[in-house]
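Written below as structure tokens is the structure these notes are about.
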Amino acid sequence: MRQRLISGIVLLATLALTACGDQEAEPEANPSDLATSVRGTLLEPANEAVVRTYTATLEGEKQAVLYARLSEAVDKVHVEEGDRVEADQVVVSLDKQGATSGYRAALAPFQNAKKLYEKMKYLYEEGAVSETEFDEAETAYESTRAQLESIEKMLDVRSPIAGEVTSINVSEGDFVQMGQHLATVASTGRLRAKFPVNATEVQEFQVGDEVILTSEVAGDTAVGSVVSIARSADPLTRAFMVETQFDNPEGIFHPGTFVRIKYILDRLENVLLVPRTAVLVLDGTPTVFTVSDSVAHANEVTMGAEVNGHVVITAGLKAGDTVVVLGQDYLNDGARVRISELSE
């Protein structure tokens with residue numbers, strides 16, 4: 001009995017040792033698996049311009065707004081938006097036969113005066129009537145002609161300048177009121193753009209300063225200059241108007257186009273720029289994380305101007321540093337990191 005018990009104990013011990021030998025040892029943790037994955041950029045000196053951007057609508061250097069000079073129906077619109085017109089070209093014609101035009105009332109006296117004038121002129125040249133009679137007929141003719149031409153000028157709305165039709169605000173058959181805006185014509189060889197700035201920014205502008213025009217419609221840029229700065233603010237908006245001017249000899253840009261005006265405040269050379277989002281505020285101090293030997297380092301920095309979503313670092317970093325630009329929110333000083341992407 002005792003021998004059988006001892007044999008059983010030995011068997012159990014053997015089975016236990018065999019089971020322990022069959023189990024695999026747990027692997028040691030890989031340090032890289034504990035590192036935080038981040039994106040970084042290599043910090044290099046750069047040249048950059050400090051720019052303020054404003055929006056405006058282009059206008060012609062010369063611009064004519066055409067208004068109705070009497071109330072009447074629109075008989076014909078002779079042009080379309082975008083068409084070029086010459087000076088004195090008819091843009092919109094109002095109905096001459098309309099009841100309020102006064103054209104028919106002026107036409108009959110003119111026709112009668114013209115017939116009498118032509119008759120009296122012939123008789124005068126033949127010596128059949130006196131000079132006084134001829135002068136009276138001529139005066140009546142000139143008077144009725146001037147009256148008719150005056151009405152025709154009000155009915156045929158003409159452009160006083162050569163340029164491009166930037167807007168047509170009426171259609172044929174519309175009844176317009178006196179003083180109603182009918183169309184706008186603007187010159188295109190030189191364009192202007194006005195935009196409001198606040199009381200602080202207006203101090204930065206000077207007549208003659210360079211500005212850059214950009215347009216998504218034209219897909220091009222142009223260089224112009226500041227030509228005037230308002231001395232007083234608009235009483236409603238409290239803004240100061242700045243007017244700029246651009247040469248447009250090839251007609252690339254068109255009046256009425258929405259554009260952006262870039263004003264260069266300063267040109268920075270050999271500065272260190274990091275994305276604004278890379279700067280954290282830790283314990284009230286601007287901080288940027290850098291990486292060396294797979295370890296994150298918190299660097300207190302001094303910031304300068306902001307430029308196009310980036311900020312100038314004037315102290316705390318140096319050229320060649322690897323700056324963390326994504327994932328910095330999850331780091332502590334001394335944390336292990338793994339750079340998944342590095343850009344220059």
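The values are calculated or read from the model by the stated rules, or taken from the named source; none is laboratory data. The structure presented is a predicted model; accordingly, all values stated were derived computationally and were not measured. Methodologically, a virtual Cβ is constructed for each residue, glycine included, from the backbone with ideal geometry; neighbour enumeration extends over all protein chains shown.
Regarding region 306-315, can at least one residue be identified that is over 19 Å from Glu269 (Cβ atoms), of a type in the set (A, V, I, L, M) and buried (at least 17 other Cβ atoms within 10 Å of the Cβ)?
Within region 306-315, the first condition is being over 19 Å from Glu269 (Cβ atoms), and the residues that meet it are 309.
So of that shortlist, the ones also of a type in the set (A, V, I, L, M) come out as none.
So far as region 306-315 goes, no, none of its residues is over 19 Å from Glu269 (Cβ atoms), of a type in the set (A, V, I, L, M) and buried (at least 17 other Cβ atoms within 10 Å of the Cβ).
Of the conditions (1) part of a helix (DSSP H, G or I); (2) among the hydroxyl-bearing types (Ser, Thr, Tyr); (3) not assigned by TED's automatic domain parsing to the domain that holds Ala319, Thr244 fails just one. Which one is it? Among (1) part of a helix (DSSP H, G or I); (2) among the hydroxyl-bearing types (Ser, Thr, Tyr); (3) not assigned by TED's automatic domain parsing to the domain that holds Ala319, Thr244 violates only (1).
Restricting the search to region 180-217, which residues are hydroxyl-bearing (Ser, Thr, Tyr) and surrounded by 12 or more Cβ atoms within 10 Å (Cβ to Cβ)?
Step one: list which residues in region 180-217 are hydroxyl-bearing (Ser, Thr, Tyr), which gives 184, 187-188, 200, 214-215.
Of everything in region 180-217, those that are hydroxyl-bearing (Ser, Thr, Tyr) and surrounded by 12 or more Cβ atoms within 10 Å (Cβ to Cβ) turn out to be Thr184, Ser187, Thr188, Thr214, Ser215.
Filtering region 53-80 to residues that are under 27 Å from the mean Cα position of the chain (by Cα) and surrounded by 14 or more Cβ atoms within 10 Å (Cβ to Cβ) leaves Tyr54, Ala56, Leu58, Glu59, Gly60, Glu61, Lys62, Gln63, Ala64, Leu66.
Is it true that some residue in region 168-184 is outside any strand (DSSP E or B) and over 27 Å from Val77 (Cα atoms)? No, region 168-184 contains no residue that is outside any strand (DSSP E or B) and over 27 Å from Val77 (Cα atoms). Give the residues of region 192-242 that are of a type in the set (Asp, Glu) and closer than 22 Å to Ala49 by Cα, sorted by residue number. Matches in region 192-242: Glu201, Glu204, Asp209, Glu210, Glu216, Asp220.
Count, please, the residues in region 150-167 that happen to be part of a loop (DSSP other than H, G, I, E, B) and of a type outside the set (A, V, I, L, M).
First pass over region 150-167, keeping only residues part of a loop (DSSP other than H, G, I, E, B): 159-162.
Imposing the further condition that a residue be of a type outside the set (A, V, I, L, M) reduces the set to 159-160.
Here the count works out to 2.
Considering only residues of region 218-229 that are of a type in the set (Gly, Ala, Ser) and either surrounded by 16 or more Cβ atoms within 10 Å (Cβ to Cβ) or under 30 Å from Lys76 (Cβ atoms) (or both), which is modelled with the lowest pLDDT? Ranking the qualifying residues of region 218-229, first place goes to Ala218.
For Ala239, the conditions (1) surrounded by 14 or more Cβ atoms within 10 Å (Cβ to Cβ); (2) without any contact (Cβ under 8 Å) to a residue 24 or more places away in the chain all hold with the exception of (2). Screening region 34-61 for residues that are touching a Lys or Arg at 6+ places or on another chain (Cβ under 9 Å) and not in a strand (DSSP E or B) and picking the one that is farthest from Asn198 (Cα to Cα) gives Leu34. Of the listed requirements (1) of a type in the set (Asp, Glu); (2) exposed (fewer than 15 other Cβ atoms within 10 Å of the Cβ); (3) under 35 Å from the mean Cα position of the chain (by Cα), Glu164 misses just one: (2). In region 256-268, the residue that is nearest to the chain's Cα centre (by Cα) out of those that are surrounded by fewer than 21 Cβ atoms within 10 Å (Cβ to Cβ) and closer than 19 Å to Arg52 by Cβ is Arg260.
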